[in-house]
Amino acid sequence: MNKGLKEFASLVSSSLWPEKSSFNNYLHDETLLTGQASLVLFPQSHEEVKAIVNLATSLAKQNGGICPNEYKLTVRGLGSGLAGSAVPQGGIVISMEKMNKLIFVDEVNYRIRAQAGRLTSDIINDAKSKNLRYVVDPSSADVSCIGGNIATNASGPRSFRYGPTGQYVKKLRVVWANGQEDEIGYTTEKYSLGIHSLPIWIGSEGKLGIITECELKLLPPLGPYEEVTVVMGFSSEQEALQAVLNIRQYPEIIAIEFLDSEAFAISKEKWPKELGKSSALLFCIFEVHPENSMFWEKLSADWDQKCTITVARDSRSASNLYKARKSITETLKQKYAYKIGEDICVPLVQMNEFCKRARELATKHHFSIVIWGHAGQGNLHTNLLFQEKEKIQDSFLLIDELGKLALKLGGVISGEHGIGKIKANLKPLQISTTEREFEKHVLQFADPFQIINRY
Ligand SMILES: Cc1cc2nc3c(=O)[nH]c(=O)nc-3n(C[C@H](O)[C@H](O)[C@H](O)COP(=O)(O)OP(=O)(O)OC[C@H]3O[C@@H](n4cnc5c(N)ncnc54)[C@H](O)[C@@H]3O)c2cc1C
């Protein structure tokens, strides 16, 4: 057995070698990419993470300043990523899953502090148990952790109103890839500091180092306001996407999600019957004061003639609508052997054009697609569906073309999943030469020995 790997394993109380069948679980994320590794480490504390990075650093120094491939590190949250950035290319996987402790909830200052591997839905519930709110709600809250959310700047439906994960990160405890440890950020509500490092950790995909703990901002309870889910069924996709431009102007709106005709067709029996004749849906969440009758009058006056409206006024019917929406992914997974979810983002006025041209591209490449997503933010998930393994390579070609289409329409290649391996070749098309230089210099500072998440 490799002596160096054994030394790494001795730094933590728990590790996994390739002989174990569960080892393979750590070689992929939720893309169709699979990698390879020689060892998985499960640190349980900041100190253990620091010891791992320090050992990799000293081995790199002994090797003339470059980390040998067999000791390169890949950081992994819970592996729900959709960009391939946690898929190892050899070396050692650092799984953060055992660093899942809650450190505190500060009810006075509305803060929560936890280890980076804590499940996102646990963070949401920790806040709830103190009558506070953590408002970022990725659909993967039950299968992703807060460190992964920070490293991808994850968002959810309610991010239309409340913004993505990065907006709530007040402090991070980190081990830079260069071996330095740090506590960055401030707990005050505001600060102005010129250039500083916290913002570049948000969405950094593990390339700067490892986040071990985080402190997040919480919000007070909604008070007298209530969340109301409203599903609007339109007779065409174009009408639904056009309506987003109007609905976003309601002061009460917090989420606008779009489902195309395919998504609706395969889940039709799960939705209320009155939506039956619709072709495409908008799944909206509003925060409404119970005495605000004007809201209901306006909603009715604006939309009664243009679409079919279903309102869930209590939590049970809201949960049924949510389940109907969530069932689509499961149904597609049962129906198709392969499903890849893509996540470009375009200006709202370009969503119709994107959907039209995405379908043309899918036809050209012989793929079935279903489109849904966070329409209030122009963030559309094109889901590529297929049965044959041989089509995996072609699916990446289509993803490339969808990314280029988004750029042509004034958009970006990723709204929330990140760049990872899947979109690495597209990133130079989106960013300027100066930005590329900036990234290079930041990485030179953060990871001079090319230790972490280098692929
Ligand atoms: C069914 C499903 C639904 C999804 N819905 C959404 C959604 O609504 N919104 C959304 O934004 N995404 C969504 N995703 C994508 C995914 O859940 C997010 O990208 C999530 O933030 C990844 O978290 P993770 O813990 O699984 O991280 P991983 O997949 O393990 O890793 C993702 C990246 O984070 C890095 N990383 C993880 N932990 C750390 C750490 N402690 N320090 C430094 N870097 C770290 C990894 O190196 C990697 O680059 C969905 C995925 C699935 C499968």
Across the range 104-119, which residue is surrounded by the most Cβ atoms within 10 Å (Cβ to Cβ) among those that are over 20 Å from His46 (Cβ atoms) and not aliphatic (A, V, I, L, M)?
-> Tyr110
Residue pairs meeting the criteria (Cβ under 8 Å; at least 6 apart or on separate chains; first away from the ligand (no atom under 16 Å from the Cβ), in the range 13-30; second among the basic types (Lys, Arg)) | Ser14/Lys98
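Quick check on the range 153-178: of everything there that is assigned to a loop (DSSP other than H, G, I, E, B) and within 8 Å of the ligand (Cβ to nearest atom), which residue is nearest to the chain's Cα centre (by Cα)?
Ala154
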Glu181: within 14 Å of the ligand (Cβ to nearest atom), of a type in the set (D, E, K, R) and open to solvent by 20 Å² or more (accessible area, probe 1.4 Å), yes or no?
-> yes
For the range 390-428 the number of residues that are within 28 Å of Trp176 (Cα to Cα) and part of a helix (DSSP H, G or I) is 2
Identify the single condition in (1) within 24 Å of Ser319 (Cβ to Cβ); (2) modelled with pLDDT of 95 or more; (3) touching a Phe, Trp or Tyr at 6+ places or on another chain (Cβ under 9 Å) that Ile210 does not satisfy, given that it satisfies every other one.
-> (1)
Residues being in a loop (DSSP other than H, G, I, E, B) and either free of Cβ contacts under 8 Å to residues at least 40 places away in the same chain or on the phi > 0 side of the Ramachandran plot (or both) - total across the range 429-451 = 3
Of all residues making up the range 14-47, the number that are farther than 30 Å from Tyr338 by Cα, assigned to a loop (DSSP other than H, G, I, E, B) and over 25 Å from the mean Cα position of the chain (by Cα) | 1
When the range 179-203 is examined, which residues are found to be outside any helix (DSSP H, G or I), touching a strand residue (DSSP E or B) at 6+ places or on another chain (Cβ under 8 Å) and within 18 Å of Val75 (Cβ to Cβ)?
-> Glu181, Asp182, Ile184, Ser197, Ile202
Among strands (runs of 3 or more DSSP E) completely within the range 48-152, the ones holding 1 or more residues that are closer than 30 Å to Gln444 by Cβ are 73-76, 92-95, 111-115
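Residues are listed down the side, and each one gets a yes or a no for (1) farther than 30 Å from Ser129 by Cβ; (2) surrounded by 16 or more Cβ atoms within 10 Å (Cβ to Cβ); (3) not acidic (Asp, Glu):
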{"residue": "Pro164", "(1), (2), (3)": "no, yes, yes"}
{"residue": "Thr188", "(1), (2), (3)": "no, no, yes"}
{"residue": "His196", "(1), (2), (3)": "yes, no, yes"}
{"residue": "Gly223", "(1), (2), (3)": "no, no, yes"}
{"residue": "Ala243", "(1), (2), (3)": "yes, yes, yes"}
{"residue": "Glu252", "(1), (2), (3)": "no, yes, no"}
{"residue": "Ser267", "(1), (2), (3)": "yes, yes, yes"}
State yes or no: is Ala141 at pLDDT 95 or above and in contact with a Cys (Cβ under 7 Å, 6 or more places away or on another chain)?
-> no
For the range 91-103, does any single residue satisfy the condition of being modelled with pLDDT of 95 or more, more than 25 Å from Thr165 (Cα to Cα) and open to solvent by less than 20 Å² (accessible area, probe 1.4 Å)?
-> yes
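Considering only residues of the range 306-349 that are of a type in the set (Asp, Glu) and open to solvent by 50 Å² or more (accessible area, probe 1.4 Å), which is modelled with the lowest pLDDT?
Step by step, filter the range 306-349, then rank; the result is Asp314.
The values are calculated or read from the model by the stated rules, or taken from the named source; none is laboratory data. Keep in mind it's a predicted model, so treat the numbers as computed, not measured. Cβ atoms come from the backbone with ideal geometry, glycine included; neighbour counts cover every protein chain shown. Ligands, DNA and RNA are excluded from the accessible area calculation, which covers all protein heavy atoms including side chains. Shrake-Rupley method; radii C 1.70, N 1.55, O 1.52, S 1.80 Å.
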